[in-house]
1. In segment 17-34, which residues are surrounded by 11 or more Cβ atoms within 10 Å (Cβ to Cβ) and under 12 Å from Phe4 (Cβ atoms)?
2. Right, Val60: closer than 30 Å to Gly140 by Cβ and at pLDDT 75 or above or not?
3. When residues of segment 259-289 are filtered for being part of a loop (DSSP other than H, G, I, E, B) and over 31 Å from the mean Cα position of the chain (by Cα), how many remain?
4. Under the condition of being more than 30 Å from Arg292 (Cβ to Cβ), in a loop (DSSP other than H, G, I, E, B) and among the basic types (Lys, Arg), which residue from segment 48-84 is nearest to the chain's Cα centre (by Cα)?
5. Take residues that are modelled with pLDDT under 85 and farther than 24 Å from Asp111 by Cα and tell me which of the helices (runs of 4 or more DSSP H) falling wholly in segment 138-215 contain 1 or more.
6. Scan segment 2-16 for residues that are in a loop (DSSP other than H, G, I, E, B) and at negative phi and jot them down.
7. Output the number of residues of segment 115-137 satisfying the condition of being assigned to a loop (DSSP other than H, G, I, E, B) and under 8 Å from Ala164 (Cα atoms).
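The values are calculated or read from the model by the stated rules, or taken from the named source; none is laboratory data. From a predicted model like this one, the values you see are computed outputs, not experimental measurements. Every residue, glycine among them, receives a Cβ derived from its backbone with ideal geometry; neighbour counts consider all protein chains shown.
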Amino acid sequence: MSLFICQHCGSERSNNNSWRNHERLCKENPDKQKTPFREYNKTREKPWNKGLTKETSARVKEASEKSSASLRNKPRKPRSDETKRKISISRKQLFLEGKLSGKNKIKFYKDNMELVTSLYFVLFENNSESFLKIGISELGALKRFGAGYKAYSITIIKEKYLNAYVAASLEKVILKKYRKDFGYNPKNFNGRTECFSIDAKNAIIEDIEKLIEGYSGDSEDSNPKAIEFDSLITRQIKTSEEWSTEIRDRNDRKNYDRNARLRPQLAKIDFSVRGSMNKASKIIGITPQKARNFIRRNFPDLLS
């Protein structure tokens, strides 16, 4: 088989057509043909949204809100008991290794009330900046910050071992209350969404002490008592059992309101006719494939 060799870069091609097109666009060819894509990349300095956030760009904020709205109230695919058991075992192992993360972290703690974790409040300092950080860690604050934080001097201001679900809930309350007005965003820092400026130090310390007032014992084996918020706290946290019940009831109310809104519209559809699922999917806001399972689960009488 004859090979065709590019006269500019020396690369080999197996047929004449491939060789001819390569030479026409070869990077080493001083007279290479210009293409719209190549010209676009040459003139573009950086992506339009690089370095922008919802707080600094209306366009980013609008895109984020559209994305959130498209996913809101979409039913999830139900998992089998065996799948749930495997996920639970896997996440418990991550907890023991100090690697548990993700948006479902609080839900995992709620389902495993025997777990204990550290709620910490620390100060980071170096020659160019200083800021505060709150967080939770299964390993404790000292082990949480390893080699990736050598650029900073770290001082532990407050640390308390609590029931993991209680600690995660308290962290969420502090972030919600202070992040908007005192948030600080250090560059190239893992955990920057949990950082605050130095100005908030005294107020956060005071609130943390008020939040965990009534908790007895500093060891990991201690059991948390009921936690009550002071009048300064805008949101009330109850005991872990009451908190779990409140979340479950709130989700039930949301589902009830959603179903009450959808039922009159879906009742007008004749599901014995071809194409009915396409109509239903547009009303619900999901794909036709998922619409049948959603209706079977929430409105079984409409399919009978």
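1. Correct list: Ser18, Trp19, Arg20, Asn21, His22, Glu23.
2. Spelling it out, it is not the case that Val60 is closer than 30 Å to Gly140 by Cβ and at pLDDT 75 or above.
3. Within segment 259-289, residues that are part of a loop (DSSP other than H, G, I, E, B) and over 31 Å from the mean Cα position of the chain (by Cα) number 9.
4. For segment 48-84, the residue satisfying everything is Lys54.
5. 141-144, 201-211
6. Result: Ser2, Leu3, Cys6, Gln7, His8, Cys9, Ser11, Ser14, Asn15.
7. Result for segment 115-137: 1.
A quick yes/no check of all residues on (1) surrounded by fewer than 19 Cβ atoms within 10 Å (Cβ to Cβ); (2) touching a strand residue (DSSP E or B) at 6+ places or on another chain (Cβ under 6 Å); (3) under 20 Å from Leu170 (Cβ atoms):
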residue	(1), (2), (3)
Tyr109	no, no, yes
Val122	no, yes, yes
Leu132	no, yes, yes
Ala141	no, yes, yes
Ala151	yes, no, no
Ile157	yes, yes, yes
